[in-house]
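This report concerns only the one structure given below.
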Amino acid sequence: MSDEPKRRPILSLKNPPKVVPPAAAKAPAPPAAPPPPQHDWKCKPCGAGFSIEAELEDAVVIRCPSCNAKLGTVGDFRTDPLPTKVRARPLRKAG
Ligand SMILES: [Zn+2]
């Protein structure tokens, strides 16, 4: 007389399959990204871009907003050709 316990079936709860996001769902970039600000000039010492406001007087000294280097006066920037003492380069795109 054997008292063998009955084997019970193993109940296993299967987890629901994980939802795999499709690769196409990855957006490369938001479409409504604002364009970078356009600068008129580029600081020679540090390369930062900046603009000169039109209402400034010619005697106003322009300093780089990034490295604070003295780049020249507004009058210098308005001189054509640009004086060699001006420590900035014009950023003018063709077209
Ligand atoms: Zn600078």
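Overview of results
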quantity: Qualifying residue in the stretch 50-58 (condition: away from the ligand (no atom under 12 Å from the Cβ), among the small types (Gly, Ala, Ser) and out of contact with any His (no Cβ under 9 Å at 6 or more places or on another chain)); calculated: yes
quantity: Residue among Val19, Val74 that is among the β-branched types (Val, Ile, Thr) and at pLDDT below 85; calculated: Val19
quantity: Residue count, the stretch 72-88 (criterion: touching a helix residue (DSSP H, G or I) at 6+ places or on another chain (Cβ under 8 Å) and either surrounded by 15 or more Cβ atoms within 10 Å (Cβ to Cβ) or within 22 Å of Pro37 (Cβ to Cβ) (or both)); calculated: 3
quantity: Options Ala94, Ala54, Ala69: the member that is exposed (fewer than 14 other Cβ atoms within 10 Å of the Cβ), at pLDDT 75 or above and out of contact with any helix residue (DSSP H, G or I) (no Cβ under 6 Å at 6 or more places or on another chain); calculated: Ala54
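The values are calculated or read from the model by the stated rules, or taken from the named source; none is laboratory data. This structure is a prediction, so every number in the text was calculated from the model and none was measured. Note that we place each Cβ from the backbone using ideal geometry, even for glycine, and neighbour counts take in every protein chain shown.
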